[in-house]
Amino acid sequence: MSEVVHFSRQGPVGIITVDYPPVNALGPGVREGILDALDRGIADSEVRAMVLIGAGRSFIAGADIRGFGKGRRSPTRRTHDALETSPKPVVAAIHGYALGGGLENALGCHYRIAVPSARVGLPEVLIGILPGGGGTQRLPRLIGPEAALEMIVSGRHVPAPEALKLGILDELVEGAELRDAAVAFAMRVMHEPVLPRASEREIPEHDPGIFEAMRKKVARRARNQKAPWHCIRCVEIACSTPFEEGIRQERALFEELENSEEAKALRYAFFAEREAQRSPVVPRGTPARPVEAAAVVGAGTMGGGIAMTCADAGLPVKIMDKDPEALARGMERIGKTYAASVARGSLDEAVMAARLALIEPVKTYDAIADADVVIEAVFEEVGVKRDVFRALDRTMKQGALLLSNTSALDIDEIAAATERPEDVAGAHFFSPANVMKLLEVVRGERTSQEVLASVQALAKRLAKVGVVCGNCDGFVANRSRAPFNTEMIILLEEGALPEQVDGAMVEFGYPMGPFAVGDLAGLDIGYAGRKRREAADPTIRPLPIADALVEAGRLGMKTGAGWYRYEPGDRTPHPDPEVAALIRRIAGESGVEQREFDDEEIVQRLLFSSVNEACRIIEEGMAGRAVEVDTMWLYGFGFPRYRGGLMYWADTIGVRSVYGRIAAWHQRYGERWAPAPLLRRLAESGTPLKEAASDM
Ligand SMILES: NC(=O)c1ccc[n+]([C@@H]2O[C@H](COP(=O)([O-])OP(=O)(O)OC[C@H]3O[C@@H](n4cnc5c(N)ncnc54)[C@H](O)[C@@H]3O)[C@@H](O)[C@H]2O)c1
């Protein structure tokens, strides 16, 4: 018998157990093992029905992603078909996850039951492919094309109770062992004269307009991608084509996607994200300190967002502010943010109440002394932060993690205010902290490995992607982004307009253009930072257009005008002739030659400047590997995932071309475009940027 699939018998019920840790992915031998076990059950005259179940944590969590794109031959006998054509009923018994190929096999079974905590879904679209194991043909027959379309195009995980309502599941198992319940279920159905087979069901009545409506709905998000469109097409095919023919077309469309550029990029992003969270500077197995209670100091924008993040993860959190009014305002903002989610329908009222109950406003350091972790989010001034850390050092219990949410200050300087610098690290959340998934874990000179491992574990608990990085100005994410922010203003000096730059970046795949994002965030923060840096370093390139805009009182959406003009109560950016005039006036004064730009040049000017800086960052060891930079860009800046990440994308142009372009701009624009030595070496040896590492 197979090592990864076992067959046993309980009375007249044959039990097929997939046992391929950790999550029973459809790895090598699993499909064959299921087929062998099924054949054995069919051949055994004592067996009247069968159960398909997973050992350990899960049913079948999905395909083995490493197997995609490796030129596998399509098997002659496919498990979902074999399960469905079995003359004896097969019951899928689901706990943990039934995703992708896992759910497709369950759909091949005649019945499906699950524990309430189970989740099912067809998330293939998220890695640039489609459910190619009959999923797009069986699911619409089972639950109707509209619901199937929504599930397949979103790729979302559906909780078992909802799956029951939709008709994916036949029964929820409560108060019994899943396996026992499945055997009992099988005994009940083994005498049924006709087996329910999804492929034989008629497509339920539906509105034929749903496909066009879905195409319209995803048009923006699915820009430059094929998979969402192919997913829609497959469900449409299911509604107009006999099952066998539908399966053939599903397969053909799947094969078209499997090796597409987007699928490769999405697979890269999937693994990069995992890799990035395993920092080479934190040895595997480093113990993490337990965290059962958290505290936040500073109840401003970030402090409030961080407190919500803790509550969202079920972690009790105390929030402290030196200013009682700021504390009250902070709590009010938290309440309003949750209430808005309830009003939108994305949060349950009871869940909101439970989360609010986890957030306790407090006024003193003594009140937070017992917390296992404290995250400081006070004003961005090193003196203020050092005072806070001095107070934390005096009051916090031994072993507490002392973290700062500073955006750019020196973690070592902050840690030096305490007697326990080994317990101090940066925990740089991105705004809005309860939404953005990136958490930069900043390693100070003396931060212990145990503390880094603990902050990474905390990140996981908070559903964040925690990436360890070095302690330099702006850390890794913002530092690699900074030249992009400069270059986008310089493009205006040379003749481009904000709406043109934004248009190019949206076409590239960003959800919003960088100027519109600036207006949303407020332009005064960048202005203040720029003035500070210019005062400290006279060699910094001034950005007179950006300065003039802020000095004219255009601070962004909050003042009704920034790079764009806004109508009261409306967030739509309207191009503003006044801004165009301001730009041309200042460009004229500075004597910069005006010219036309095409989209490609805009995209490359902005992103190559960041690629170059990322090479410096890696060379200095502030980031260990390109996967870390790429993961930060995906989760910190909304870089389009189907382009893999900043460095991966640059490789699609080619390291030598990137270098050549940067070297040419160095000639033309001077020092700010000096190629990073690591970039030059990579180009000389033809090594892809995605393989860049600090020990090269
Ligand atoms: N806003 C962002 O986009 C963003 C993003 C990442 C990181 N950060 C960083 O987060 C930190 C906080 O930023 P913010 O935007 O939330 O600021 P904010 O001004 O909204 O809030 C700061 C809060 O800290 C309180 N505070 C000040 N001194 C204090 C003290 N000594 N003890 C207790 N409370 C004190 C203030 O009363 C205020 O409520 C900064 O270090 C900032 O650089 C901000």
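The values are calculated or read from the model by the stated rules, or taken from the named source; none is laboratory data. Predicted model only: the values in this text are computed from it and were never measured. Cβ coordinates were reconstructed from backbone atoms using ideal geometry, including for glycine residues, and neighbour counts include every protein chain displayed. Protein only, heavy atoms only, side chains kept; ligands, DNA and RNA dropped before computing areas. Shrake-Rupley method; radii C 1.70, N 1.55, O 1.52, S 1.80 Å.
Calculated from DSSP H runs of 4 or more alone, at -39500 (n - 2.57) each and per residue, what is the 222 nm mean residue ellipticity of the chain, nearest 500?
Values: 28 runs with 333 residues, N = 696.
Helices in the chain give a 222 nm mean residue ellipticity of -15000 deg cm²/dmol.
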Task: Inter-probe distance in nm under a simple model that places probes 7 Å from Cα toward Cβ, at A528 and A357 - done: 3.8
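Taking 0.36 nm per residue of separation and subtracting the Cα-Cα distance, what length does fully extending D473 through L520 add?
Working: separation 47, 0.36 × 47 = 16.92 nm, distance 2.41 nm.
Net length gain for the segment: 14.5 nm.
Roughly speaking, what is the stretch gain from A552 to E244, that is 0.36 nm per residue apart minus the C-alpha to C-alpha distance, in nm to one decimal?
Working: separation 308, 0.36 × 308 = 110.88 nm, distance 6.63 nm.
Difference between extended and current length: 104.2 nm.
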Open item on the list: For the stretch 387-543, what does the accessible surface come to per residue with a 1.4 Å probe? Please give it in Å².
Closed with: 36
- [ ] Would you please state which residues of the stretch 224-255 a label at F270 would reach in this model, taking the label point 7 Å out along Cα→Cβ and a backbone N cut-off of under 19 Å?
- [x] 225-232, 251-255
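Once you list every other residue whose beta carbon is under 12 Å from the beta carbon of R554, what net charge do they have if Lys and Arg are +1 and Asp and Glu are -1? Don't jump to the answer; show the numbers that get you there.
Values: positive: K558, R565; negative: D519, D524, D547, E551, D576, E578.
Once all neighbours under 12 Å are counted, the net charge is -4.
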Open item on the list: One quarter of the convex hull surface, Cα atoms only: what value does that give for the chain in nm²?
Closed with: 33.0
Task: Accessible area of S431 in the full protein assembly, 1.4 Å probe (Å², nearest 10) - done: 80
- [ ] Please give, to one decimal in nm, the separation of the simple spin-label points placed at A339 and I65, each 7 Å out from Cα toward the Cβ.
- [x] 4.0
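Express the carbon and sulfur contribution to the solvent-accessible surface of the chain as a percent, rounded to the nearest whole number, probe 1.4 angstrom. Walk me through the numbers on the way to the answer.
On the way: 15420 of 29380 Å².
Carbon plus sulfur share of accessible area: 52 percent.
Work out, step by step, the length gained on full extension between D312 and R446: first 0.36 nm times the residue separation, then minus their alpha carbon distance; give nm to one decimal.
Details: separation 134, 0.36 × 134 = 48.24 nm, distance 3.12 nm.
My answer for the length gained is 45.1 nm.
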- [ ] Starting from the amide H of A25, placed 1.01 Å from N in the peptide plane, find each other amide H under 5 Å away whose residue is 5 or more places distant or on another chain.
- [x] A61
TODO: Take the alpha carbon atoms of the stretch 3-24, find their center, do the same for the stretch 289-324, and report the distance between the two centers in whole angstrom.
DONE: 45
Task: Solvent accessible area, Å² - E124, 1.4 Å probe, full protein context - done: 20
Open item on the list: Taking the square root of 5 times each eigenvalue of the Cα gyration tensor, what semi-axes in Å does the equivalent ellipsoid of the stretch 323-478 have, largest first?
Closed with: 27, 19, 15
- [ ] May I ask for the distance between the Cα centers of the stretch 458-483 and the stretch 78-108, given as a whole number of Å?
- [x] 41
TODO: With a Förster radius of 25 Å, plug the Cβ-Cβ distance of R595 and D537 into 1/(1 + (r/R0)^6) and report the FRET value to the nearest 0.05.
DONE: 0.25
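Quote the FRET efficiency, to the nearest 0.05, computed for M696 versus R220 with a Förster distance R0 of 51 Å and r equal to the Cβ-Cβ distance.
On the way: r = 39 Å, r/R0 = 0.76.
After rounding to 0.05, the efficiency reads 0.85.
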- [ ] Have a look at the stretch 545-620 and give its Rg and Dmax from the Cα atoms, expressed in angstrom.
- [x] 16.3, 48
